[in-house]
Each structure stands twice: as structure tokens, then as C-alpha cells.
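Take a look at the structure below.
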Amino acid sequence: MDSPKTPPEFEPIQVDHYWGHVHHVTALLVLNNGSCVITGCADGIIRVFMKDKPHTLVAQVKVHLEGQVNCLTTSENDSLIASAGHDRAIALIRFADMTVLKTFKNHRKQITDVKISKDVKTLCSVGWDKRINLYDIQKLRKILTLTIDGTPLSCCAFSFKNNMVATGTWGGLVKVFPVNKLPKITEEDATTLNDHKSKITSIAFSRAGMMATGSYDSQVHIYHYRGFYSLFSFCPDGGWVRSMAFSPDSLLLATLTDADFMVKCWDAVTQELEFSYQVQTEDLLLCTFLNDGRLIAAGSSPS
């Protein structure tokens, strides 16, 4: 059977190019309001571009003194950006003027992911040192460090109700912690999910109460996060899962794999493929929905 065609409202696909990078782009971020594209590079510099004016470099700041920017994230209201680097440091940045509010250095090895809670109160970071660090954003201080048994940690995500934070490991485990128990969370408080066979690469929560996990095993698992029982699982047609995102209405799940240059959108209830589109770029890194429901894919190409 032929794949569903991209619906008219998603055509034509607009492709923008953002120039000015001296080194390879290692992290990408699109603000939730769609106004700016933010890039992190191997030179440790974060650059901000106007989304609708690709040649306009708004700002740049060097936040990591040694090595590349590993990951970028924004708060739900786009007021803050967090950056984690190969130098084991996290920079919390006020987006309005790109001022670094605080640099946290609580990891012993490089950081693999960082996320800000939806209520903009808590920051979570995970890394190769098997540590989960949680920070109070308002007081700019670390709340808790958990060292997890097993393999290094690969990714993390907060639920929309701010009551859960989920972490993934290189060994394929997903652990979900109750944030409302801070600062006394222990590993025994976690719900552990072991449906994947290899590294967890992406975790996404929906507003309606689902959690999706993607992995190197090419599988996506969908859970109801009250009890975290499995709703269904599927394979997005080959390749490990690079990125996932739920639409604001929770009806669609977008997936991006390394098998092709395709972004695919699935019905989050029936798991049927609703539509897909192809993006010609060297290295697709990110798919995300904006607050207005637009689907964005972002990648990097050699300069």
C-alpha cells in the first residue's frame, strides 16, 4: 500500500538555510512560538537566528569553553534556554538578552541531555556518569543528585503536569520518577520500563497523558502514564529513532529516524500513518511541533 500523501496544508514544504557556522552543528532548537532557530556547534557557541529571516544572526554567545554543545532545550514559555556541553557544564540562559544566569558543574562525565519542566521551576540533566541532577531554577541551585545503577543515561523528559520526570539509559531501560517527592527521591521511587532492547534515544510526553519512548532498536512504545501500562508499540519503518514529538492536541506523534530523510506523523491512538514528508538535508536532528500546531524538522549540512 502506498504511504499517505502529505495533506495540502503542509505543502509546499518551506526549507530555510541558516549560515554563519564555522564548525559542525551539533544541537538544534526551535522556540515553541516559532520565532527563532537556535544552534549549538562544535566550537561551544550558541547562535540565534530569526526563523523567518534565515540570514539574520540575532545573537551568539560562547557558553562552553571546552568542546561542543551536546544539547539544547527551551522552557515552555521560551523565556529560558538550557545548554549542556562536552565540558560537563550546563548553562542556564535568559533568552531575552542571552545572559547566562548560572553555570552548573555537577557532572563528572559529559552530559547527554537536559530539560526544563513545563512550569519552569525545575531543570533535569543526565549523563555518562549515570547521574540524574535536578535543579531549582528560581533559586539557581542543585536540589538532588541520583546515581543510577546500570548503564549510562541517554535522555530525559518532564511530563506536562510537572509531576513526573522520565530518564532513558543506554541499556534500554526507562525510569520514571515522581517529581513531587523532591528533594527525597530515590531510585526505589521510580517506575522502571524494560520493553526496549537497546539505547533509549528519545522520550516525549503528550498533554493528554501518554508517554512515547524511542530507541536504537527501531521501536516506539506508547504508555499511559497513570500506571505506565503499555498502550501499543510500532516500528516507524526502519532505522533508530532520532526524535519524537506529540502535537499540541495529542492526536499525532511525529517520528524521525536515521533510515531516510522522512518525517512521519502517526495517529497517536490507532498508530496509523497519517502523512509523511521528505527533507533533503545531510543530517536530520530534530522534529518538533510549535505551539500553533505547525510541524518543524531541522537538520545540519556540511558548510
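When the chain is fully extended, how far beyond the present Cα-Cα distance does E76 get from L101, taking 0.36 nm per residue of separation?
Working it through step by step, the gained length comes to 7.2 nm.
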Strictly over 24 Å apart at the Cα level, which of K139/K175; K161/K199; K121/K184; K115/K184 would you flag in this model? K139/K175; K161/K199
(i) 18.9; (ii) 21.4; (iii) 19.4: which one is Kirkwood radius over Cα pairs in Å as calculated from this entry? (iii)
Place a +1 charge on the Cβ of each Lys and Arg in the range 14-105 and a -1 charge on the Cβ of each Asp and Glu, then give the dipole magnitude about the Cα centre in debye, rounded to the nearest 20. 180 debye
Simple label model, 7 Å out from Cα along Cβ direction - K53 to F232, nm: 4.5 nm
Label-point gap, in nm, between N163 and T186 - each point 7 angstrom along Cα→Cβ: 2.3 nm
Quick check: residue separation of D43 and D258 times 0.36 nm, minus the Cα distance between them. What number comes out in nm? 74.9 nm
Charge-dipole axis of the range 14-105 as Lys and Arg at +1 and Asp and Glu at -1 on Cβ define it, positive-most pick from H21, L92, T39: L92
Electrostatic dipole magnitude of the chain [Cβ: Lys, Arg +1; Asp, Glu -1; Cα centre; debye, to 20]: 1420 debye
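Provide the gained length on full extension for the span L251 to Q271, in nm with one decimal, where the gain is 0.36 nm per separating residue minus the Cα-Cα distance.
6.2 nm
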Between K109 and L65, what FRET efficiency follows from the Cβ-Cβ distance if R0 is 22 Å, with the result rounded to 0.05? 0.85
Max mean-square fluctuation residue, GNM over the chain, Cα-Cα springs under 10 Å, options H86, H23, H107: H23
Enter the mean projected area of the convex hull around the alpha-carbon atoms of the range 148-303, in nm², rounded to one decimal. 9.7 nm²
To the nearest 0.05, how large is the calculated FRET efficiency for N194 and L140 if R₀ is 41 Å and r is the Cβ-Cβ distance? 0.70
What is the magnitude of the charge dipole of the range 201-303 about its Cα centre, with +1 placed on the Cβ of each Lys and Arg, -1 on the Cβ of each Asp and Glu, and no other charges, expressed in debye to the nearest 20? 360 debye
Quote the relative contact order of the chain in percent (integer), defining contacts as alpha-carbon pairs under 8 Å separated by 6+ residues. 10 percent
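Values in this text are rule-based calculations from the coordinates and carry no lab data. Predicted, not measured: the structure shown is a model, and the values here were computed from it. Please note: Cβ atoms are built from the backbone with ideal geometry, for glycine as well, and neighbour counts cover all protein chains shown.
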